[in-house]
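Remarks on the structure that follows.
FYI, it's all coordinate maths here, none of it is from the lab. This structure is a prediction, so every number in the text was calculated from the model and none was measured. Neighbour counts are summed over all protein chains in view; Cβ atoms, including those assigned to glycine, are modelled from backbone coordinates with ideal geometry.
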Amino acid sequence: MSADAGAKDAQASRSRIAVAVDGPAGSGKSSVSRAAARELGFEYQDTGAAYRALAWRAVASGVDPNDVDAVIGLLGGFDYEIGVDPDDYFVRIGGEPVTEAIRDPAVSAVVSAIARVPRVREHLTGLFRERIAHGSRPGIITEGRDITTVVAPDANVRVLLTASAEARQARRAAELESPSAEAVGKQLAARDAQDLKVVDFMTAAPGVVTLDSTNLNFDETVAALVSLIRP
């Protein structure tokens, strides 16, 4: 690469807009972030997919998710790819499509155990930061649990997307087939409790804007996020 080309790449990286979105389960951060990225012409990065992908690999390999050394051992050959085009989202491991497989209940059941391993978080954070820094679009929206505080604390825009427990339960129930409100409530509470052992994603850190979507519909929430990003 020539010096001029390197300088252009560095300039593009500096001018690229980074948006960090955190939020609890059922807050809509994935669908809202993806829709906002589509409207803005940005890339979209779902960090939770990486933890799910590693959890899927653990399940597929018969690795005990509570065996820290065994989980860390999976990182060596973790050939992970994710689509960051909002209209071409995919997840692959070693070239194998796992977009749907990583949402399997067996994977969901162990993903929190995988995510609690510090070495895993450190490794994946490096992948996320690399994707944030380099891309072909003018900006990227990255969403997850610790994006505003750990992954991208210097992002141009940092948002905590939240909603009341009742609203989150209703939204999650609408995504599932014939669930009871009680069952969905227990699932969300359990997921939040497990993840809160790793990072506080329920309270906005200094400099982070809270976007409460309790009384907003989907389109209104997307519009609110876009308005925070656009100059």
Expressed in nm to one decimal, what extension gain is obtained for the pair residue 31 and residue 89 from 0.36 nm per residue of sequence separation less their Cα-Cα distance?
19.7 nm
Share of pairwise Cα separations in the stretch 1-151, more than 23 Å, in percent
38 percent
Please work out the FRET efficiency for the pair residue 75 and residue 39, using the Cβ-Cβ distance as r and a Förster radius of 25 Å; give the result to the nearest 0.05.
0.10
Taking the Cβ-Cβ separation of residue 123 and residue 215 as r and a Förster radius of 35 Å, what is the calculated FRET efficiency to the nearest 0.05?
0.35
Mind listing which GluC sites (Glu not before Pro) in the stretch 74-150 are in a DSSP loop and have 12 or fewer other Cβ atoms within 10 Å?
100
